[in-house]
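Structure first, then comments.
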Ligand code: NA7
């Protein structure tokens, strides 16, 4: 390993024979460790901080390469725990340099007199949980051992540099440097031929600076990265004004935000904006020079949908082509292998323009991989480059590297952390690990960490840990350990969150892909800073849910369980609804509830464009009915799906499930005809059922006029609409047609019994309540009629019905009657597929573009409809000409 990677270390006079006994040992004197020490002391704990480096700073101590700066605006990348500290320090730049950040951390250390409890130049060599005394025993390479009750790793996410992984580094006769271990005395590059390997944030910051100094710079790029101009300078007046105008509110907004920076949540989706509007937003973001801004403020779908994301990526690639003069170099610098933001984008100062300089060459390693490093330089598959200096900007063994590589950590029953994490990090909340009592991580894997403003996440973690330690101590507990159940639940929640964003689509250090042989998986928590905070608070409010607490003179306490069982976006939606504190729908009266739903629907994201949307009138059981027709953009004729909206036979109309119909029209490449059947209480049972049947017959009879393929139609419906669809199939069988090729029932009402478990388990908290369902039933159907199969299809004859796809949601009162219907259909010999959607609620699949985790379910439903229609499950590529583009 080259010397440059080895930390210099001051010697310590403390004897290794002695043991320092403290309440808490903290490792790492960066942002996290310093605040921890301060909080621990204030809470009355004795503490020592162990730091390998010679001074405070953490990552900012080591990363001294030319151009090193933060990439979150510095007014946000600051402590907020002490208002006096905030006003005592003024940042000179929008993005402070490494020396200024290091000065700030030194200022903080001095202001709170932290250095007296920091042992610099001290590396931890092992940490072992001693069950007999319930303490951690820490060995160090310098001075006394430490015996502590609590062991807290504040070692950072990007502090273990990755080895070069290229043969021959030690044969090189020139100078070798690593950006993550840059010499403190600086490096003279003037007149030298320099190679930089790596184009992540470090490379992109360093390259323009090195190019100015070196005689010749050759950049070896494996993967191009998206970079945006930082437009550095003084802190922007508007942001500074917002902060200084109301400091407390600004910081609070940051704590509740998704990324830890106070930008509002975007609700406008890309397809609601014209090309010109999108470009205007993009240009504003490009000019703002702010990563969090461009990642969150363009349009709501940019971070969760590949199509919405591609629009941004294309615009950035256009910028690169505009800056870099040589088209081949511009093409090589343009990322195409990952969505924008899925890999950490970079902030730069003159990065792309640097490639216009005559002394800079880009080598595209995708075309000519490095074969080896030799005595005089670097050899690729096609060429050799003689250089004097090689700079490795090759990154870090991120998130887990500092925890695993530095020393063995041995928990309860002799378990080694490296074994427990062999297949990837397992944590509860990213803060604790089952089997490792009283071990805590600050911004560990499983917490928002690197996907957030670290300053905000660090403060939240430190506050949570120290608050819990103080509460435990006051209650008489001495140990705290995550349970396996809680940890497994968190892994599931992490996986659910990872499905929400596009991070899973890129090979990055977020997923462990940058280190050969490392277990793969999205390591940071992608659910957002604000939601994460509320989950941590919920754990405490639920009696330390998922933790086992023990103490010498107190009975063990373990409130075992999983803190989040809902899908992450369902949790957000239900949280928003709860915050609105709405009166129950059933107290509004039928018209009041209809008006409310109409208003409510105005706030949802507009459905996606399809080929054509038209209105019409068909003949129902007792007169004309409105319908809405959604036609795909592909040439017809298309199979027709007759669709029945939800709303308990009382609410909604032919356009109230508009986003769902559009989405399913696109996914199935079929016509959806949404029927405006009659509603209760004006038209009670069996009006809706008879309308459903009559409408299906009419649509089948008029299929050709509607642009549909001749032959059988399909039916689909959600909730009460699922009920109507199911009933229609039974009536069509019994009344001699029309022929129905398949039925899609989404959370259908199938029976009049209210005593199934799901009615009890999910009676109140999931929007559709038991009380609301009682009200719907009362308005639609008198008790004497309720067992009629035209409203309780589960009680009808089921043999001979068309094949069915039945979707049910875990947190829905209607779950068990949907399952019962699917099982009864199967028992009657009807081909049935079931989707039991874990963590979802009644509206999950119709809240298109709000409940993103509903997408895989809708894909399955669309595939089923296509199979029923005799088509291959997958749809051809997206259509070109869409109605929104025309409007
Ligand atoms: P990154 O972002 O991990 O970048 C490392 C770069 O080095 C990246 O371009 C890698 O290409 C490249 N690399 C890594 N190993 C090799 C080998 N063996 N050969 C060629 N190229 C290689 O680290 P940074 O230090 O720039 O930034 C880390 C974070 O610090 C940053 O995101 C900010 O949050 C602050 P690859 O993409 O793997 O193909």
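Data table
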| read-out | value |
| --- | --- |
| Any pair with Cβ under 6 angstrom, 6 or more apart, that starts in the stretch 386-397 at a residue that is more than 11 Å from the ligand (Cβ to nearest atom) and ends at one that is in a loop (DSSP other than H, G, I, E, B) | 386/376; 388/174; 388/192; 389/174; 389/192 |
| Selection count where residues are surrounded by fewer than 24 Cβ atoms within 10 Å (Cβ to Cβ) and in a strand (DSSP E or B), scope the stretch 793-843 | 8 |
| Residue 156 out of contact with any strand residue (DSSP E or B) (no Cβ under 8 Å at 6 or more places or on another chain) and within 16 Å of the ligand (Cβ to nearest atom) | yes |
| Single residue of 354, 427, 410 found to be surrounded by 23 or more Cβ atoms within 10 Å (Cβ to Cβ), at negative phi and more than 25 Å from the chain's Cα centre (by Cα) | 354 |
| The one condition in (1) closer than 28 Å to residue 573 by Cβ; (2) in contact (Cβ under 8 Å) with a residue 24 or more places away in the chain; (3) within 16 Å of the ligand (Cβ to nearest atom); (4) buried (at least 23 other Cβ atoms within 10 Å of the Cβ) that residue 505 fails to fulfil | (4) |
| All positions within the stretch 651-686 that are part of a helix (DSSP H, G or I) and either at pLDDT below 95 or out of contact with any strand residue (DSSP E or B) (no Cβ under 8 Å at 6 or more places or on another chain) (or both) | 659, 663, 666, 667 |
| Answer from 432, 400, 483 - the residue that is within 16 Å of the ligand (Cβ to nearest atom) and in contact with a strand residue (DSSP E or B) (Cβ under 7 Å, 6 or more places away or on another chain) | 400 |
| Residues that are within 16 Å of the ligand (Cβ to nearest atom) and touching a helix residue (DSSP H, G or I) at 6+ places or on another chain (Cβ under 6 Å), drawn from the stretch 49-61 | 57, 60 |
| Number of the condition not met by residue 733 [criteria: (1) over 21 Å from residue 597 (Cβ atoms); (2) touching a residue at least 60 places away in the same chain (Cβ under 8 Å); (3) crowded, with 20+ Cβ neighbours inside 10 Å] | (3) |
| Helices (runs of 4 or more DSSP H) completely within the stretch 180-257 that count 2 or more residues being more than 27 Å from the chain's Cα centre (by Cα), within 16 Å of the ligand (Cβ to nearest atom) and more than 30 Å from residue 532 (Cα to Cα) | 201-213 |
| Among (1) buried (at least 18 other Cβ atoms within 10 Å of the Cβ); (2) within 16 Å of the ligand (Cβ to nearest atom); (3) more than 35 Å from the chain's Cα centre (by Cα) - the single one residue 167 does not satisfy | (1) |
| Residues of the stretch 406-420 classified as in a loop (DSSP other than H, G, I, E, B) and without any contact (Cβ under 8 Å) to a residue 60 or more places away in the chain, total | 1 |
| Test set (1) touching a residue at least 60 places away in the same chain (Cβ under 8 Å); (2) in contact with a strand residue (DSSP E or B) (Cβ under 9 Å, 6 or more places away or on another chain); (3) surrounded by fewer than 17 Cβ atoms within 10 Å (Cβ to Cβ); (4) in a loop (DSSP other than H, G, I, E, B) - residue 122 fails condition number | (3) |
| Looking only at the stretch 289-301, and only at residues there that are modelled with pLDDT of 95 or more and either part of a loop (DSSP other than H, G, I, E, B) or touching a helix residue (DSSP H, G or I) at 6+ places or on another chain (Cβ under 8 Å) (or both), the one that is farthest from residue 233 (Cα to Cα) | 299 |
| Qualifying residue in the stretch 608-620 (condition: surrounded by fewer than 16 Cβ atoms within 10 Å (Cβ to Cβ), part of a loop (DSSP other than H, G, I, E, B) and touching a residue at least 24 places away in the same chain (Cβ under 8 Å)) | no |
| Condition met for residue 382 (outside any helix (DSSP H, G or I), more than 30 Å from the chain's Cα centre (by Cα) and closer than 25 Å to residue 225 by Cβ) | yes |
| Every residue from the stretch 438-452 that is surrounded by 24 or more Cβ atoms within 10 Å (Cβ to Cβ) and not in a strand (DSSP E or B) | 442, 443, 444, 446, 448, 449, 451, 452 |
| Number of the condition not met by residue 421 [criteria: (1) surrounded by 15 or more Cβ atoms within 10 Å (Cβ to Cβ); (2) more than 14 Å from the ligand (Cβ to nearest atom); (3) over 21 Å from residue 159 (Cβ atoms)] | (3) |
| Selection count, the stretch 150-172, where residues are under 26 Å from residue 460 (Cα atoms) and outside any strand (DSSP E or B) | 7 |
| Sole residue being more than 16 Å from the ligand (Cβ to nearest atom), farther than 23 Å from residue 854 by Cβ and either touching a helix residue (DSSP H, G or I) at 6+ places or on another chain (Cβ under 8 Å) or not in a loop (DSSP other than H, G, I, E, B) (or both), chosen from 564, 540, 573 | 540 |
| Residue pairs meeting the criteria (Cβ under 8 Å; at least 6 apart or on separate chains; first under 15 Å from residue 169 (Cβ atoms), in the stretch 179-202; second part of a loop (DSSP other than H, G, I, E, B) and away from the ligand (no atom under 16 Å from the Cβ)) | 181/6; 181/7 |
| Any chance residue 147 is within 13 Å of the ligand (Cβ to nearest atom) and under 27 Å from residue 459 (Cα atoms) | no |
| Test: residue 455 is at negative phi and under 27 Å from the mean Cα position of the chain (by Cα) | yes |
| Check on residue 140, buried (at least 23 other Cβ atoms within 10 Å of the Cβ), away from the ligand (no atom under 16 Å from the Cβ), over 32 Å from the mean Cα position of the chain (by Cα) and in contact (Cβ under 8 Å) with a residue 24 or more places away in the chain | yes |
| Sole residue being under 24 Å from residue 67 (Cα atoms) and away from the ligand (no atom under 15 Å from the Cβ), chosen from 359, 364, 309 | 359 |
| Conditions (1) surrounded by 21 or more Cβ atoms within 10 Å (Cβ to Cβ); (2) away from the ligand (no atom under 16 Å from the Cβ); (3) within 22 Å of the chain's Cα centre (by Cα): number failed by residue 477 | (3) |
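The values are calculated or read from the model by the stated rules, or taken from the named source; none is laboratory data. Just so it is clear, the structure is predicted and the values come from calculations on it, not from any experiment. Every residue, glycine among them, receives a Cβ derived from its backbone with ideal geometry; neighbour counts consider all protein chains shown.
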